[in-house]
1. Does Ala152 qualify as being open to solvent by 20 Å² or more (accessible area, probe 1.4 Å), part of a helix (DSSP H, G or I) and hydrophobic (A, V, I, L, M, F, W, C)?
2. Restricting the first residue to the stretch 127-156 and requiring it to be closer than 26 Å to Gly169 by Cβ, which pairs with a second residue that is of a type in the set (Phe, Trp, Tyr) and at pLDDT below 90 meet a Cβ separation below 6 Å and a spacing of at least six or different chains?
3. Check Asp151, Asp127 and return the single one that is at pLDDT 90 or above and within 20 Å of Arg96 (Cα to Cα).
4. Check whether at least one residue in the stretch 51-70 is modelled with pLDDT of 75 or more and either part of a helix (DSSP H, G or I) or open to solvent by 80 Å² or more (accessible area, probe 1.4 Å) (or both), and report yes or no.
5. Out of Ile138, Ile121, Ile162, Ile108, which single residue is part of a loop (DSSP other than H, G, I, E, B) and either surrounded by 12 or more Cβ atoms within 10 Å (Cβ to Cβ) or at pLDDT 90 or above (or both)?
6. If you scan the stretch 71-93, which residues turn out to be of a type in the set (Asp, Glu) and farther than 18 Å from Pro163 by Cα?
Amino acid sequence: MNRCLTFSLAISMTLSTLAIPMRAANKPRAGTDSRNPVVWTNDDLEKLHSLGLICIVGRMNDETPESASLPGPYVKTQDPEWYAQQAARLRDELERRRAQLGGYRQAIEDARSLKTMTGGINLDEGDTGITPEAGIEILQQRANETQTELDALEELARRNDIPPGTLRGE
């Protein structure tokens, strides 16, 4: 008998907990009536605002005249002077790297013919190759990287309708 009573009590509790959300979903909400939609006017909003019940954000004053449009932000990719400066910097770097590569090749030729000998390796120069060929390869790679940057700048200038002479300093 106890088991039957416990079982029936458990079933009735389960059914009642399922029925509560269903009943709440069917009830109308406060302030809404499905038959009469509420239309808020500016006067209604002002009353609610003065009571501190709502906050109006982003309201535009109708009395304020439209200001003249401000110039857009500076876009460096549209400025021919920026391209000229970047191209000049990259050309200088490319010329310096090519001169460094030429000097390194000349030093290797001098060492092969025993014209001049140095007392050691200059460790101040950064990545030096263990072999002369590796050193040439490193310097050639640096020159190629600079040339690639210059090519990318020229491509960007073409896409932004910058005259080609601007990059050459003309």
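1. For Ala152, the condition - open to solvent by 20 Å² or more (accessible area, probe 1.4 Å), part of a helix (DSSP H, G or I) and hydrophobic (A, V, I, L, M, F, W, C) - is met.
2. Taking only residues 6 or more apart or on different chains, the pairs are Leu139/Tyr104.
3. None of the others qualify; the one that does is Asp151.
4. Yes, the stretch 51-70 contains at least one residue that is modelled with pLDDT of 75 or more and either part of a helix (DSSP H, G or I) or open to solvent by 80 Å² or more (accessible area, probe 1.4 Å) (or both).
5. Only one candidate passes the filter, namely Ile162.
6. Asp92, Glu93, listed by residue number.
The values are calculated or read from the model by the stated rules, or taken from the named source; none is laboratory data. Keep in mind the model is a prediction, meaning the values are calculated, not measured. Quick reminder, even Gly has a Cβ in these numbers, built from the backbone with ideal geometry, and neighbours come from all protein chains shown. Quick note on the areas: whole protein, heavy atoms, side chains included, nothing else; ligands and nucleic acids left out. Shrake-Rupley method; radii C 1.70, N 1.55, O 1.52, S 1.80 Å.
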